[in-house]
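Scroll down for the structure; my scribbles are underneath it.
The values are calculated or read from the model by the stated rules, or taken from the named source; none is laboratory data. Just so you know, these numbers come straight off a predicted model, no measurement behind them. All Cβ positions, glycine included, derive from the backbone under ideal geometry; neighbour counts span all protein chains shown. Each accessible area value is taken on the protein alone, full model and side chains, heavy atoms only, with ligands, DNA and RNA left out. Shrake-Rupley method; radii C 1.70, N 1.55, O 1.52, S 1.80 Å.
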Amino acid sequence: MTTSLSRLLVDAGTISKAELEIAERHQALQGGSLDACLITLNLATEAEVAHALSCHYGVPGVDTARIVPSAEVLARVPASVAHGRRLLPLNHCGQTLTVAMADPSDLAALDELRFLSGDRVDAVVAPERAIGEALHAYYPASVPLEQATRALEQEPMPPGHEIQAPRAAVELSAVPGQRDEAPIVALVNELLRAAAQRGASDVHIEPGERDVGVRFRIDGVLHPVMALPLRVRDALIARIKILAELDIAERRLPQDGRIKLRLGRAVSGPMDVRVSSLPALYGEKLVLRLLDREQLRLDFRALGFEPSVQAAFEAAVARPWGMVLVTGPTGSGKTNTLYSAIAQLDTTHRNVLTVEDPVEIHLSGITQVQVHEAIGLGFAAVLRAFLRQDPDVLLVGEIRDVETAQIAVRAALTGHLVLSTLHTTDAAAAVMRLVDMGIEPFLVAGAVSLVCAQRLVRRVCPVCRGPRSLPLHVLRSLGFGAEEVATLTPVSGTGCVRCHQSGYRGRIGLFEVMCMTESVRELMLTRAPLHRLRAQAIHEGMQTLRQSGLQKVRDGLTTIEEVVRETS
């Protein structure tokens, strides 16, 4: 299917051969289907993929976002079957049930559906990702969560029943509500499955005085999901700590662990979950960070780079030596950008080494090391060892101290490509931070090739997006030109089932890339103040974070509010 689909898309001019190679490289690194990779990387739209799939299978293609099945139709297919077989019921007429599938040639799924429904089943085709989003919208995860919560109230939990030996990978593909699952086990499974299905990056479990609150962070914003009865607090925390191989008897000190999940067919996997416990007033608060390789975008265009900015960044990464710094606050996508840079490299013929805290995503073909400060294995110690490993490319998760900065700068000056991150507000401040840490300006000027500052803003939902009107003086005050505001039409989302009524779905980056030109280097050598450094970079064509945000507004990708929130 992969060969036929790629040939159809290339022959139709939907994608180029170069873009196909990018998608195939992403598929080789991250797994999943080719059609899902093409959509994830924004190389093809869902409609284009649906048309190609339709031609390949010889059955009609549909846009699941524009079809709203009735409750009666949805009730004809159990949620577990719909999720497990990746199919969406669309219509029921007479004795014929029409379902959308990513693979209409799956005869086992069609046979099972005929047996369960007693109907003749007609299959139409839609992209796998679109079906997954529709399944989550029409078979919401809150239903099994509520069932699991009711089970906790109805069934007593024998002491210690929830404390089970952890497995190499927690399998969450079982049908919700199985009788052989302990109620607390079912609840934890459903929480993790629901978070993955909704695309949450973090799960917050927060014991309070009267209940246990659960919130999901989706597209950078926390959303309340449910309030669990207080009586499940200890069992819930113990179950998660056991899965993460933490000490359940230690409730006075913070702990960190990791869970590896296999989510079955309902959600792409495997997925890593970082678990952090924190003693609080009403019990331990847990934060679970979901690290999904399928959601990792390893293409600069998909991240939101403008063409000129992308060209400058790729040129710096293509150099055999020098330092490329990515800066921004926590959660601004710095790691994703660095991984995207590594994905552009020839890792077959180059020795790529990374030191991270922690290693968030495991990438094939490179050597990744996690720091362990308790035994003296910090960033500086690992970097010193790296220099004896015949490296070509070094990725330093974060430059935190002067010793790490010195080793990284020395490596960049002696023929290695060094990629790293800093926590500064903009691109110009990053090089000044190295000077403030004690690195001589002439070393920084010689080592650093490029600095990229970035932020993440939420994308407008493509399903419910529409034009909105704003006063002209507001648009001008934000930075739009006087002539431009007369024709500019910003967009926003009104809210729909696909975006959970938020008006946003997914995120995109804002980027400020400062190249170390000769003029900027001369200012550094004379220890010029930060504002002169920034002004010179802008004079030479640097696009600021605000300007990048305004361009995203022009392109209809985000809203004015999002840009102001991240670039004020």
Original post:
For the range 299-311, does any single residue satisfy the condition of being within 18 Å of the chain's Cα centre (by Cα), farther than 17 Å from Met514 by Cβ and among the charged types (D, E, K, R)?
Top reply: yes
Original post:
Has the range 57-79 got at least one residue that is at pLDDT below 75 and either open to solvent by 60 Å² or more (accessible area, probe 1.4 Å) or touching a Pro at 6+ places or on another chain (Cβ under 9 Å) (or both)?
Top reply: no
**OP:** Determine the pairs where a residue that is farther than 19 Å from Ala12 by Cα, located within the range 48-77, has a partner that is assigned to a helix (DSSP H, G or I) and among the polar types (S, T, N, Q) with Cβ atoms under 8 Å apart, the partner being 6 or more residues away or on another chain.
**Re:** Arg76/Ser117; Val77/Ser117
**OP:** Take the residues in the range 400-413 that are in contact (Cβ under 8 Å) with a residue 60 or more places away in the chain and either β-branched (Val, Ile, Thr) or over 25 Å from His362 (Cα atoms) (or both), then tell me which one is surrounded by the fewest Cβ atoms within 10 Å (Cβ to Cβ).
**Re:** Leu413
**OP:** Give Phe300, Phe313, Phe305 a once-over and let me know the one that is open to solvent by less than 50 Å² (accessible area, probe 1.4 Å), aromatic (Phe, Trp, Tyr) and at pLDDT below 80.
**Re:** Phe300
**OP:** Can you give me the ranges of the strands (runs of 3 or more DSSP E) entirely in the range 150-243 with at least 1 residues that are touching a Ser or Thr at 6+ places or on another chain (Cβ under 7 Å) and at pLDDT 85 or above?
**Re:** 211-218, 221-229
Original post:
From Val431, Val497, which residue is surrounded by 15 or more Cβ atoms within 10 Å (Cβ to Cβ), modelled with pLDDT under 95 and either of a type in the set (Ser, Thr, Tyr) or over 26 Å from Gly541 (Cα atoms) (or both)?
Top reply: Val497
Subject >> Set Gly479, Gly503: member being open to solvent by 20 Å² or more (accessible area, probe 1.4 Å) and among the small types (Gly, Ala, Ser) >> reply: Gly479
Original post:
Just to be sure, is Arg114 assigned to a helix (DSSP H, G or I) and over 23 Å from Cys496 (Cβ atoms)?
Top reply: yes
Subject >> Residue, nearest to Leu135 (Cα to Cα), within the range 492-535, restricted to residues that are in contact with a strand residue (DSSP E or B) (Cβ under 8 Å, 6 or more places away or on another chain) and of a type in the set (S, T, N, Q) >> reply: Ser502
Subject >> Matching residues in the range 466-476 - criterion: being modelled with pLDDT of 85 or more and open to solvent by 50 Å² or more (accessible area, probe 1.4 Å) >> reply: Pro467, Arg468, Arg476
Original post:
Out of the range 515-561, which residues are on the phi > 0 side of the Ramachandran plot and open to solvent by less than 50 Å² (accessible area, probe 1.4 Å)?
Top reply: Gly556
Subject >> Hits in the range 226-246 - residues which are aliphatic (A, V, I, L, M) and open to solvent by 50 Å² or more (accessible area, probe 1.4 Å) >> reply: Ala227, Leu230
**OP:** Answer yes if at least one residue in the range 131-149 is of a type outside the set (S, T, N, Q), open to solvent by less than 20 Å² (accessible area, probe 1.4 Å), modelled with pLDDT under 55 and over 20 Å from Gly61 (Cβ atoms), and no otherwise.
**Re:** yes
Original post:
All but one of (1) of a type in the set (Lys, Arg); (2) more than 32 Å from the chain's Cα centre (by Cα); (3) at pLDDT below 90 hold for Arg400; which doesn't?
Top reply: (2)
Subject >> Selection from the range 206-223 of residues that are open to solvent by 40 Å² or more (accessible area, probe 1.4 Å) and either of a type in the set (Phe, Trp, Tyr) or within 20 Å of the chain's Cα centre (by Cα) (or both) >> reply: Arg215, Arg217, Val221, Leu222, His223
Original post:
Just for the range 357-368: of the residues that are touching a helix residue (DSSP H, G or I) at 6+ places or on another chain (Cβ under 8 Å) and open to solvent by less than 40 Å² (accessible area, probe 1.4 Å), which one is farthest from Leu417 (Cα to Cα)?
Top reply: Ile361
